[in-house]
Amino acid sequence: MEEIPFKSVPQMLKMNARQFAGQTAISYKKDGKWIFLTYDHFYERVLMAARGLRKVGLAPGDRVAIFSENRAGWVISDLGTQCVRGVTVPIYPTNTPEQVAYVLNHSEAKVVFVSTRVQYKKLYAIRDKIPKVEMVIGYERFLGERDLPVHTLYQLSEISHPVTDEERREIEAEVDLARPDDLMTIIYTSGTTGVPKGVMLSHHNLLFNAFYGNRKLHQIVPGQEVFLSFLPLSHVLERTVGYHVALMTGSHIAFAESVDKVVENILEVRPTMMVSVPRLFEKIYSRIYENAHQMNPLKRRLFHWAVEVGRQYVYRRYIDQAPLGRLALQHRLADKLVFSKIRSRFGGRLRMFVSGGAPLDKTINEFLWTIGLPVFEGYGLTETSPIICVNTFEKMRFGSVGTVIDKTEVRLADDGELLVRGPQVMQGYYRDPEATDKALIDGWLHTGDIGRIDDEGFISIVDRKKEIIVTAGGKNMAPQPIENELKRDKFISQAFVYGDRKPYLVALLTPNFERLLDFAQHEKLPYFDLDDLVGNARVLQLYEERLQEVNKSLPRYETIKRFSLLPRDFSVDGGELTPTLKLKRKLIYSKYHDQIERLYLENTNGPGGPETYANGGQR
């Protein structure tokens, strides 16, 4: 079996900086224009950062935090730190000052790279709580305070002074000293189940994952791909696939300006590949179908005909792997008349998505494959660098997360928990031997997820072990598939299902406000603000009707009997979502405890069961 040709990530960059010297490595937008750095120029910038870190006394093993949105500075400072054998600690830019203080203190970081004055203000607010931080380096030029001064990355790098031959030799000699099992990074979990834990990952953990993950997909053409990076680099999926795999294959990484500008940047960059979480795909699916509903009858029939042809084509070619016959001609026609026009809205070159972080709804995934935007859904954890398994063109099952990558073993515990063993599994949790011993038992990582493995090796994730709902009647069910059913409705943005040790399931729903406001205008509904609108009797009737439609597709014990409509969406800033847009269930239950409990205390009766609406008010 082919072996990984690099000992460390910076050694990989050193080798590829020569192989792909004149090709674009990264690009970013500044003052309305895209800036491009070739591989040799990018490597020079990394060496400059490494030179600066050596001069300020950073020693091998010292921790360096990166508190920033995705941008060129992120990867330059990450690789510069690794070149001097430092350990990088990414921090989500959405973290609160208190969360930042915890990560900095627990990791014992000496240096912090910070993106903007907005993030600097968070640091300044906790300056007395982070005594071990010796230096703050900004990616932008802004004034710091006397008791927490800021140097810029340009100043650290001495950007006006090229790296001398002697400096290059010294830094590259340090790079060559790195061993595969050296600690490369500490990534703190998003804290969905409590206090964040620092996952220790080595160079080999991450290089193994990038190398064998790419080997399994084998869809990347070396030196020719363009990745659009918008999922946080603090998240291990983006870091491994959208960053390490990209650099490993000589690809071009284009940094989106922000999450809000992704659609605009897609048309500018025209990427060939993207990494995302399911929320983006949910929005794409909803918007395409909403546009289809507004077409004239002829175009609408053509759309639905094309989708049915595309669905049959995908199942016959990739699932059944059967001869296509006349279906191939029908599919070419459907693609020319319908699908190619949809894909043009994504730049026209996008060949594939990689999805992770949360379960992707099966119907949405099937649809995206149907229109020629295949989403390779996989599964993994921060603790596994992250890829454990992934679907491919050759081995594909909708509703599953694929089959394992090479040299990886999986099995199920007696209670259905998925266990994994392989070279991508973490070294342990930083400064937490007790948590490490609970997670790693006899070399097997206990994932905390309930799974199934079929006869062909396809893995399906049922839900988080701690999130399985057990009703008062003893029924066990996973909330996420039900929430996915609810979110497919065009009037629903987010859904939270609850019912542990309760007689039935209830839901908190957040509206798709764009659709709801259109509905309110069409119905000429009077309202003062959003709080007032979600309590309107006609709006509540609408959501009752939408909920009853969803309930028809669910087993009786999984139907939602009551719900509460919230006047605002779940968000990272509001605390309900992690930075990768997963629900923080404990926090949501705590925050909306009174509303949820009222859904069980009140005793109104409506079609399909007793139901309670906005802010706990009764119909």
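Quick notes on this one:
- Sorting the segments 84-91, 288-295, 516-523 by their residues' average number of neighbouring beta-carbon atoms within 10 angstrom, most packed first, yields 84-91, 516-523, 288-295.
- Amide hydrogen proximity for Thr152: with H placed 1.01 Å from N in the peptide plane, the residues at 5 or more positions away or on another chain lying under 5 Å are Gly138.
- Equivalent ellipsoid dimensions for the stretch 45-110 as semi-axes, Å, which come from the Cα gyration tensor, largest first: 21, 15, 7
- Scoring 257-265, 227-235, 496-504, 141-149 by mean Cβ neighbours within 10 Å over their residues and listing the highest first yields 227-235, 496-504, 257-265, 141-149.
- In order along the stretch 581-589, phi translates into HN-Hα couplings of 6, 8, 5, 8, 5, 4, 5, 4, 4 Hz, rounded to whole numbers, per the Karplus curve 6.51 cos²θ - 1.76 cosθ + 1.60 with θ = phi - 60° and x for Gly and Pro.
- Protection proxy ranking of 112-125, 585-598, 319-332 - average other beta-carbon atoms within 10 Å, highest first: 112-125, 585-598, 319-332
- The alpha carbons of the chain stretch over 78, 63, 53 Å along the principal axes, in descending order.
- Charged side chains reduced to their Cβ positions (Lys and Arg at +1, Asp and Glu at -1) give the chain a dipole of some 1380 debye around its Cα centre.
- When the Cα positions of Tyr527, Gly473, Ile492 are compared along the charge dipole of the stretch 468-616, Gly473 comes out farthest toward the positive end, with charges on each C-beta of Lys, Arg, Asp and Glu.
- Cβ crowding within 10 Å, taken as a proxy for footprinting-reagent exposure, orders Lys524, Lys30, Lys197, Lys584 from fewest neighbours to most as Lys524, Lys30, Lys584, Lys197.
- Count Lys and Arg as plus one, Asp and Glu as minus one, and take only other residues whose Cβ is under 15 Å from that of Lys552; the net charge is then -2.
- Label zone of Ala292 (point 7 Å out along Cα→Cβ, amide N under 11 Å): in the stretch 339-363 this covers 339.
- Each of Glu166 and Lys261 was given a label point 7 Å from its Cα along the Cα-to-Cβ line. The distance between the two points is 4.2 nm.
- Cut-off under 5 Å, modelled amide H: who pairs with Asn70 long-range: Leu233
- Close amide H contacts of Ile26 (hydrogens built in the peptide plane, cut-off under 5 Å, sequence separation of 5 or more or a different chain): Leu37, Ile253.
- Binning all Cα-Cα separations of the stretch 468-616 at 5 Å, short to long from zero, yields these whole-percent fractions: 2, 9, 20, 24, 22, 15, 6, 2, 1, 0.
Any read-out appearing in this document is the output of simple, stated calculations on the displayed coordinates, not a laboratory observation. This is a predicted model, so every value here is computed, not measured. For neighbour counting, all protein chains shown are included, and Cβ atoms are generated from backbone atoms with ideal geometry for every residue, glycine included.
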